[in-house]
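Chemist: Okay, handing you the structure first.
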């Protein structure tokens, strides 16, 4: 493993990268499955002991999803879900949800239908069929089963792992000048309130830190960052043909809170948390992005006296941290550099 310089270590301390989030206070567990050879993977987020409640919000027009409506008040289950699947493989990856369902059914988890249970597993995809992996490499049912079975609330791997394995960011100048994206996780506590954020960055745009500086994104052939917004304004290098970029970009995010919320409140929480995407990814939610944000909470339990706007504000802050971790901890491969390559 490359040595981390003193300056790089200070940057990591400032960004909170040396701590590993523990999600046990939120009652959720995260499991990854990675196909290193195919450069793809998936990530499962599930309740530790049973179902959770979910809401979802969509940003951008290029989404690939499954059972998304169950994460809303408009469905019979009223947001009650057994797991969330974030997967590579584009729409092909949605087939992997059957592995999560199989594991849940074996554990007796699912929506009761009398003769048995039907596990509810909303899913969303990232496009990783190009740039790094082979087009025919897709996450499988067996990978999803393993991720669900091995999910844990602690020691959660980040960076180029799980759904973040084949993720890249900053594609306006073409995949050859992009950088590695990845999966990030963070948690923030405010008294008895705990809020977690998770994100996989496979964005069309660049990723910025809290000071607005690009930390991962499209690179200029002459060195440094091209700055996607400047490229689109016609200031620097010529943009890649947009037809080549359509449907190839997605940032997926999950926020979770330890206070039970209604499905209506969770949908609003997902919408509010989307502000983190707009702050840290430039541009975000474009016609070429398929961004989806999920919000999770316990099904039941004590309702603490935190106003929803306090929870929403905390969710934005923690999701910003997760977004930054996703790229700072991502290592490059196959000619696509990552911010973690030199301990950044």
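The values are calculated or read from the model by the stated rules, or taken from the named source; none is laboratory data. Quick caveat, the model's predicted, so the values are computed rather than measured. Every residue, glycine as well, gets a Cβ built from its backbone with ideal geometry; the counts of neighbours run over all protein chains shown.
Chemist: Is there a residue in the stretch 86-99 that is modelled with pLDDT of 95 or more, buried (at least 17 other Cβ atoms within 10 Å of the Cβ), over 13 Å from residue 139 (Cβ atoms) and touching a helix residue (DSSP H, G or I) at 6+ places or on another chain (Cβ under 7 Å)?
Modeler: There is no residue in the stretch 86-99 that is modelled with pLDDT of 95 or more, buried (at least 17 other Cβ atoms within 10 Å of the Cβ), over 13 Å from residue 139 (Cβ atoms) and touching a helix residue (DSSP H, G or I) at 6+ places or on another chain (Cβ under 7 Å).
Chemist: Further, regarding this structure: Are any residues in the stretch 126-146 in contact with a helix residue (DSSP H, G or I) (Cβ under 7 Å, 6 or more places away or on another chain) and either under 20 Å from residue 100 (Cα atoms) or crowded, with 19+ Cβ neighbours inside 10 Å (or both), and if so, which ones?
Modeler: 126, 127, 129, 131, 138, 139, 140, 141, 142, 143, 144, 145
Chemist: A further question on this structure: Name the residues in the stretch 253-290 that are in contact with a helix residue (DSSP H, G or I) (Cβ under 7 Å, 6 or more places away or on another chain), within 20 Å of residue 91 (Cβ to Cβ) and either modelled with pLDDT of 95 or more or outside any loop (DSSP other than H, G, I, E, B) (or both), would you?
Modeler: Correct list: 253 only.
Chemist: Filter the stretch 36-56 for residues that are in contact with a helix residue (DSSP H, G or I) (Cβ under 8 Å, 6 or more places away or on another chain) and under 24 Å from residue 204 (Cβ atoms); which is surrounded by the most Cβ atoms within 10 Å (Cβ to Cβ)? Reasoning before the result, please.
Modeler: First, the residues of the stretch 36-56 that are in contact with a helix residue (DSSP H, G or I) (Cβ under 8 Å, 6 or more places away or on another chain): 40-44, 46, 48, 53-56.
Within this subset, residues satisfying the condition of being under 24 Å from residue 204 (Cβ atoms) are 40-43, 56.
Numbers: 40: 31, 41: 33, 42: 35, 43: 31, 56: 27.
It comes out as 42.
Chemist: For the stretch 188-209, which positions are in a strand (DSSP E or B) and buried (at least 24 other Cβ atoms within 10 Å of the Cβ)?
Modeler: Of the stretch 188-209, the ones in a strand (DSSP E or B) are 188-190, 193-202, 206-208.
Residues satisfying the conditions are 195, 196, 197, 198, 199, 200, 201, 202, 206, 207.
Chemist: Restricting the search to the stretch 57-80, which residues are within 16 Å of the chain's Cα centre (by Cα), more than 14 Å from residue 91 (Cα to Cα) and surrounded by fewer than 19 Cβ atoms within 10 Å (Cβ to Cβ)?
Modeler: Across the stretch 57-80, the qualifying residue is only 58.
Chemist: Are any residues in the stretch 302-338 assigned to a helix (DSSP H, G or I) and either farther than 18 Å from residue 277 by Cβ or at pLDDT below 95 (or both), and if so, which ones? Even if it seems obvious, please write down each step before you answer.
Modeler: Here is the first cut: in the stretch 302-338, the residues assigned to a helix (DSSP H, G or I) are 308-328.
308, 309, 310 - these are the residues of the stretch 302-338 that are assigned to a helix (DSSP H, G or I) and either farther than 18 Å from residue 277 by Cβ or at pLDDT below 95 (or both).
Chemist: I need a count of the residues in the stretch 24-33 that are surrounded by fewer than 23 Cβ atoms within 10 Å (Cβ to Cβ) and either within 18 Å of residue 141 (Cβ to Cβ) or under 17 Å from the mean Cα position of the chain (by Cα) (or both).
Modeler: Counting residues in the stretch 24-33 that are surrounded by fewer than 23 Cβ atoms within 10 Å (Cβ to Cβ) and either within 18 Å of residue 141 (Cβ to Cβ) or under 17 Å from the mean Cα position of the chain (by Cα) (or both) gives 1.
Chemist: Test each condition in (1) surrounded by 22 or more Cβ atoms within 10 Å (Cβ to Cβ); (2) in contact with a helix residue (DSSP H, G or I) (Cβ under 7 Å, 6 or more places away or on another chain); (3) closer than 21 Å to residue 210 by Cβ for residue 322 and report the one that comes out false.
Modeler: Residue 322 satisfies all of (1) surrounded by 22 or more Cβ atoms within 10 Å (Cβ to Cβ); (2) in contact with a helix residue (DSSP H, G or I) (Cβ under 7 Å, 6 or more places away or on another chain); (3) closer than 21 Å to residue 210 by Cβ except (2).
Chemist: So residue 89 ticks every box in (1) on the phi < 0 side of the Ramachandran plot; (2) within 24 Å of the chain's Cα centre (by Cα) but one. Which box is left unticked?
Modeler: (1)
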